[in-house]
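The values are calculated or read from the model by the stated rules, or taken from the named source; none is laboratory data. Since the model is a prediction, treat every value here as computed from it, not as a measurement. With ideal geometry, Cβ positions are generated from the backbone for all residues, glycine too; neighbour counts draw on all protein chains shown.
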Amino acid sequence: MSLRGVGGKAIIYAAANGVGSGAQLLLVLYCAYILAGESLGVLTLFIAMVALATQVLGLGLTASFQRDFFTAPSHLRPVFLSTIVWVVVLVGCALILLAAGAGLALYAWLESPGLLVVALLGALGQALQQFLLITWQSEDAALDYARFFLVFCVAQLGVPIGLIHWVDMGWQSAVTGQALVFCGSGLLSLLILRRKGYLTCRIDKDYLRRSLAYGLPLVPYQLAGWGMAMLDRFLITAFSGVAVAGYYALAFQVAQVINIASSGFVQAFTPWLYAALGRQDDRLRPQIGRLVALYAMGLAVLCGVGYLSFRVFADIIARHSYQQAILYAPWLFLAMFFNGMYRIVSCFTLFHGSTGRLALITLGVAVTSVLLNVTLLPVHGAIASAWIVSLSFGLLFGLTLLTEMARTRV
């Protein structure tokens, strides 16, 4: 694929991810408009729980399969994918049963005992969906990817809003609707993979050991990344209340628009980069450098435009929740810029298999982030979390860049 092809696919992936993520953003904006602050806070905590559980259930195996897609013979791909899909299904079912048992045992002490089970069900669906999406991405089937996300978007927005109006149970309706959509997308993903010939009943134990050796170090790496992006909402809830956590999460969700664009570029860039690095052709290095530089400039402009647009939108709507959210927005847009740059640098690190090193960097930054939150939140309030998440992603980008530069000198 040419550089022009990378740009074209990046637009398709960004548009597709924008449709899916935009649906969740619109849902949060809608719930912020009609629900009380506490209900909005519970919904955003549920979204954070699903994101965390998806990282755990994935076991880092999607990254392992994508790398092996380009390095292993094509006839082995169904065996490899089937192996990791069924392992994820087994782990997911076991965790759901454990959560259900714990919920029953602690029913009298928990305010929402079923919330964790519903989040795990949704996360299992999301984890299975990732296997289909990574397959389409590796096959360069961007249009199939986009069509799937269009259907996903309509359901992700329509089902929760429909339940809110028809059942009228507040945040419970929104949570149930999201979980139903996630589970449905997971089942649909399995059916599509089966029809494409990727899903069999075989499990290759040797490949499972190799993929776990590559993927498991990514779990603490992904959890630490989740901690930097999501854990502050739970800490804000503890120190400032669930309503303030909802306002902060609203600003974070808006800033995630930047992640949509960066994710689209990374998804198009990664297969091209892996193929280029696999050929070990030094003549491609200037092209890679120019592409990364253009990406950085475009990302910076997008962050500035995104923040100014949100300010104008918040002034027009003139709702209390939006006015509160705008306080955190500039720091969160800066954080998304650093996160987008980090994702590009980490592509190189992941290709060379340095997952353990990446996990240590991310874990160290995440621990620093939590300590700073615990120290500064009681003094400065939720704005401290916005400062800290920006600093954390900046550190993550800088340390990963320095590590990759050191590796290339060896």
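Between 102, 51, 72, the distinction of being of a type outside the set (D, E, K, R) and in contact (Cβ under 8 Å) with a residue 40 or more places away in the chain belongs to 51 only.
Within segment 148-181, the only residue that satisfies the criterion of being of a type in the set (Phe, Trp, Tyr) and free of Cβ contacts under 8 Å to residues at least 12 places away in the same chain is 166. Kindly evaluate residue 401 against the criterion of being assigned to a helix (DSSP H, G or I) and under 28 Å from residue 267 (Cβ atoms). Here the answer is yes, as residue 401 does meet what is asked. Flag: residue 392 does not match the condition of being more than 21 Å from residue 254 (Cα to Cα), in contact with a helix residue (DSSP H, G or I) (Cβ under 6 Å, 6 or more places away or on another chain) and in a helix (DSSP H, G or I). Of all residues assigned to segment 361-370, at least one qualifies as being surrounded by fewer than 22 Cβ atoms within 10 Å (Cβ to Cβ), modelled with pLDDT under 90 and closer than 19 Å to residue 245 by Cα. Among the candidates 171, 166, the residue that is surrounded by 20 or more Cβ atoms within 10 Å (Cβ to Cβ), of a type in the set (Phe, Trp, Tyr) and modelled with pLDDT under 90 is uniquely 171. Being in the same structural domain as residue 263 (by TED's automatic domain parsing) and either in contact with a strand residue (DSSP E or B) (Cβ under 7 Å, 6 or more places away or on another chain) or touching a residue at least 24 places away in the same chain (Cβ under 8 Å) (or both) is the requirement here; does residue 371 meet it? No, not satisfied.
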